[in-house]
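Below is one structure; the comments refer to it alone.
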Amino acid sequence: MDRQEKPTRAALVCPEIRGKSSHHNIEARQAEFEGLAGAIRLDIVLSEIVRVREIRPATYLGAGHVQALAERIAAEHIDLLLVDAALSPIQQRNLERETGAKVLDRTALILEIFGERAATREGVLQVELAHLNYQKSRLVRSWTHLERQRGSGGMGFMGGPGETQIESDRRQIAERIDLLEDRLEKVKRTRAQQRSLRLRAMIPVVALVGYTNAGKSSLFNALSGATVFAEDLLFATLDTTVRKIGLPHGREVMLSDTVGFVADLPHDLVAAFRATLEEVIDADIVLHVRDIASPDHPAQARDVLAVLEELGVSPETTPIVEVWNKIDLLDEPDRALTGAVPAGRVVATVPVSAHTGQGLDELKLVIERVLGEQSRTYHVHVPHSAGSDIGWLHNHSEVISRSEPTESGSDYVVRVDPRHRAEFLERFNGRIAVSDL
């Protein structure tokens, strides 16, 4: 067999820090880390939980653990060591030297997965930007560490060996980052134009979010009839997909599938994918998809809410519906669902199975009901002289009907979404009446 075809032999280490609380069970954390490693082509030879009394500045793990790892790595001919933690550049370098294996921490592994998964030009740009931002800080710190190791003849770091090359590398990375940010800004403007067109058409946006592998893409396919790639893989979907779907009573919405979240999702990745995730920021409803069959689903839900908070999305700004997916995998559905509780404030919870279709009709009815509660219908009188007001109504509301013009003007019946309601009430003050609530 060709050497290139052989998967890399890898060892996985999940540190459990004494006294450091985590809402994730350590066994669940280990299983997830194994899933992350399995998302790229690795041969997992060794996977173990290492209990750490205190984090060592030089190697993160204690000397005894490092020595034992080095022996196993040599004996098993392991090429890659994955550590489920955020390693400093010095810790990474020292572990590589002590074990003889290439070392990646949690952030680097997620970046590798994203690099393999990115399919569109936008996705490739986003992943590269995140990778460069990650590498930029490590380049500086690694250089500082190397210079200390080599010594600088009492002259500090000025004029030290390698400075010219490092400065050149830093400058090239900075220039590339500027270029990528400029290109992604153009993507952002294009997305903003597309969202503006949807707003003018008054088509509400319903965004799917959730922990990676919660079944968002399967649910998206089941609701929309699309064929978005959906597989039992972490981060199967990186690129946002939008489809129009019809609700039971004729209303249409734009359904948006997004990248999955995960515990300790690197900040650089959240920042790089912000253009994509703005579909969530501007959504009329957020569907938080939870894998209710996973024993770790409460902790996963908290991680999703943390990323939403970082994006500025909260129940105060956007109604959140929890979709409890994969009920077909529950041994005792009634008991399991009775014991499940929403994460944070939600307007509804809907148990479903994207695989069997159970609960999808109820979910559509809930979406329709929430949209109806969010929008209000008003009667408004507009004089003939107020042409700008007529334009505003057509651009920012759904015009349901218009009466025959009279000498004083025309009467409109319009539906106004919450995001435009304050401006509507201020602009048409004294000329409106609520039709229904």
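The values are calculated or read from the model by the stated rules, or taken from the named source; none is laboratory data. This is a predicted model, so every value here is computed, not measured. No Cβ is skipped: glycine too gets one built from the backbone with ideal geometry, and neighbour counts run over all protein chains shown.
Please work out if Glu112 is surrounded by fewer than 17 Cβ atoms within 10 Å (Cβ to Cβ) and under 28 Å from Ala31 (Cβ atoms). For Glu112, the condition - surrounded by fewer than 17 Cβ atoms within 10 Å (Cβ to Cβ) and under 28 Å from Ala31 (Cβ atoms) - is not met.
Filter region 40-57 down to residues that are assigned to a loop (DSSP other than H, G, I, E, B) and of a type in the set (Lys, Arg) and give me whichever is modelled with the lowest pLDDT.
In this case the residue turns out to be Arg41.
Quick check on region 357-374. Is at least one of its residues surrounded by 13 or more Cβ atoms within 10 Å (Cβ to Cβ), in a loop (DSSP other than H, G, I, E, B) and not small (Gly, Ala, Ser)? The answer is yes, given that some residue of region 357-374 is surrounded by 13 or more Cβ atoms within 10 Å (Cβ to Cβ), in a loop (DSSP other than H, G, I, E, B) and not small (Gly, Ala, Ser). Anything in region 35-63 that is of a type in the set (Gly, Ala, Ser) and over 30 Å from the mean Cα position of the chain (by Cα)? List them, or say none. Residues satisfying the conditions are Ala58, Gly62, Ala63. If you go through region 178-202 and keep only what is modelled with pLDDT of 80 or more and closer than 26 Å to Ser397 by Cβ, you end up with Arg189, Thr190. Where residues in region 265-301 are in a loop (DSSP other than H, G, I, E, B) and within 11 Å of the chain's Cα centre (by Cα), which of them is surrounded by the most Cβ atoms within 10 Å (Cβ to Cβ)? Checking each candidate, the answer is Phe273.
For Ala336, the criteria (1) within 30 Å of Gly115 (Cα to Cα); (2) part of a helix (DSSP H, G or I); (3) small (Gly, Ala, Ser) hold in every case but one, which is (1).
If you go through region 399-428 and keep only what is assigned to a loop (DSSP other than H, G, I, E, B) and either assigned by TED's automatic domain parsing to the domain that holds Pro319 or touching a Leu at 6+ places or on another chain (Cβ under 9 Å) (or both), you end up with Asp417, Phe428. Restricting region 4-27 to residues that are buried (at least 17 other Cβ atoms within 10 Å of the Cβ) and over 19 Å from His77 (Cα atoms), the residue that is nearest to the chain's Cα centre (by Cα) is His24. Scan Leu95, Leu81, Leu125 and give me the residue that is assigned to a helix (DSSP H, G or I) and in contact with a strand residue (DSSP E or B) (Cβ under 8 Å, 6 or more places away or on another chain). Only one candidate qualifies: Leu95.
Restricting the first member to region 80-105 and to residues that are touching a residue at least 40 places away in the same chain (Cβ under 8 Å) and in the same structural domain as Gly64 (by TED's automatic domain parsing), and the second to residues that are in a helix (DSSP H, G or I) and among the aromatic types (Phe, Trp, Tyr), the beta-carbon pairs closer than 7 Å and six or more apart or on different chains are Asp84/Phe33.
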